[in-house]
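J.: Could you have a look at this structure, given as structure tokens, before my questions?
The values are calculated or read from the model by the stated rules, or taken from the named source; none is laboratory data. The shown structure was predicted, so the numbers you read here are calculated from the model rather than taken from an experiment. Here the Cβ positions follow ideal geometry from the backbone for every residue, glycine too, while neighbour counts run over all protein chains shown.
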Amino acid sequence: MIWFSVRSLFTRYGWAFIRYIALPHPFRTIRAFSRARRITKEKSGSVSVVGGSAALPHRGGEIVGAGFCLKPAENRCPSKSDLHGCRYLETCRFQSETKRPAVCANCYIASIGAAALQDGRAFYVMTSARDILFDVFKPALEKGTFRHGIFMLCRYSFKPFATGMLAAGIDGKLAAFCDGDCRDYKTWLKADNGIKKEQTVLDGQTRTELEKEITGDTGGAKRVTKAERRGNIYYPVC
């Protein structure tokens, strides 16, 4: 994590993290680095707990984030160059049957995004580290916008991402891709710039665990009618 973090200091994300997180909150950031180092980065397909609690009852400020690389490979996603976007979530109506386009039928972003929004959570298609900083970490730190999150990403990003979560005051879970994910800094840097030809995958056990937690005991709140996009994040609309 230290080598990853040092190299990232020379990216746009690194400078932004220093300016908006580390300098205004130095002791909080140091504690976040220390706590993130102790997080166990398990095998592919694992789920790691970040912060005080892995699962919390609805209290507002909940977000689910999924890496854009879960989208269909070879640029077949209807959202195409809109890496933060999901055409299915923007057009479907949750209280009625909405047929998915064929290319979306096996897209996990469409299914987990719909589940999160139906359960009253915000949903975010994650791209660059800098976007995540401004879309999630900075609002959480400054305004308390998000307090609990479930995020799906590559194992290579686990501890740096956890550092951002802890510094911003977000607890929750990180779920690791089991295939197609970044395994080195060069590949990660390309993906951070939106270049990712391989489609990533979550294993069945991880998917089941996440879906169970996201839908909770209600099996989906069902009160939500549609999703509303504000900036790069989707919010449920009743």
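J.: Hey, among the residues in region 158-216 that are among the aromatic types (Phe, Trp, Tyr) and at pLDDT below 90, which one's nearest to residue 131 (Cα to Cα)?
T.: Here is the first cut: in region 158-216, the residues among the aromatic types (Phe, Trp, Tyr) are 158, 161, 177, 185, 188.
Now drop any that are not at pLDDT below 90, which leaves 158, 185, 188.
Values: 158: 17, 185: 18, 188: 15 Å.
For region 158-216, the residue satisfying everything is 188.
J.: Mind telling me which of the residues 30, 109 ends up being among the hydrophobic types (A, V, I, L, M, F, W, C), surrounded by fewer than 15 Cβ atoms within 10 Å (Cβ to Cβ) and modelled with pLDDT of 85 or more?
T.: One residue alone meets the criteria, 30.
J.: I'm told residue 237 meets every condition in (1) among the aliphatic types (A, V, I, L, M); (2) in contact with an Asp or Glu (Cβ under 9 Å, 6 or more places away or on another chain); (3) touching a residue at least 60 places away in the same chain (Cβ under 8 Å) except one. Can you identify the failing condition by its number?
T.: (3)
J.: Please identify the pairs in which a residue from region 120-138 that is under 20 Å from residue 190 (Cβ atoms) has its Cβ atom under 8 Å from the Cβ atom of a residue that is assigned to a loop (DSSP other than H, G, I, E, B) and among the β-branched types (Val, Ile, Thr), counting only partners at least 6 apart or on another chain.
T.: These pairs meet every condition: 129/11; 130/11.
J.: Take the residues in region 136-147 that are crowded, with 24+ Cβ neighbours inside 10 Å and in contact with a strand residue (DSSP E or B) (Cβ under 9 Å, 6 or more places away or on another chain); name whichever of them is farthest from residue 51 (Cα to Cα).
T.: By that ranking, first place goes to 136.
J.: If residue 125 satisfies every condition in (1) modelled with pLDDT under 90; (2) touching a Cys at 6+ places or on another chain (Cβ under 9 Å); (3) under 20 Å from residue 179 (Cβ atoms) but one, which is the exception?
T.: Every condition holds for residue 125 apart from (1).
J.: Right, another one. Filtering region 49-75 down to residues that are more than 20 Å from residue 165 (Cα to Cα) and at pLDDT below 80, which residue is surrounded by the most Cβ atoms within 10 Å (Cβ to Cβ)?
T.: 73
J.: If you don't mind, another one. Can residue 158 be described as buried (at least 18 other Cβ atoms within 10 Å of the Cβ) and in contact (Cβ under 8 Å) with a residue 24 or more places away in the chain? Talk me through it step by step, then tell me what you get.
T.: Working: buried (at least 18 other Cβ atoms within 10 Å of the Cβ): yes; in contact (Cβ under 8 Å) with a residue 24 or more places away in the chain: yes.
Yes, satisfied.
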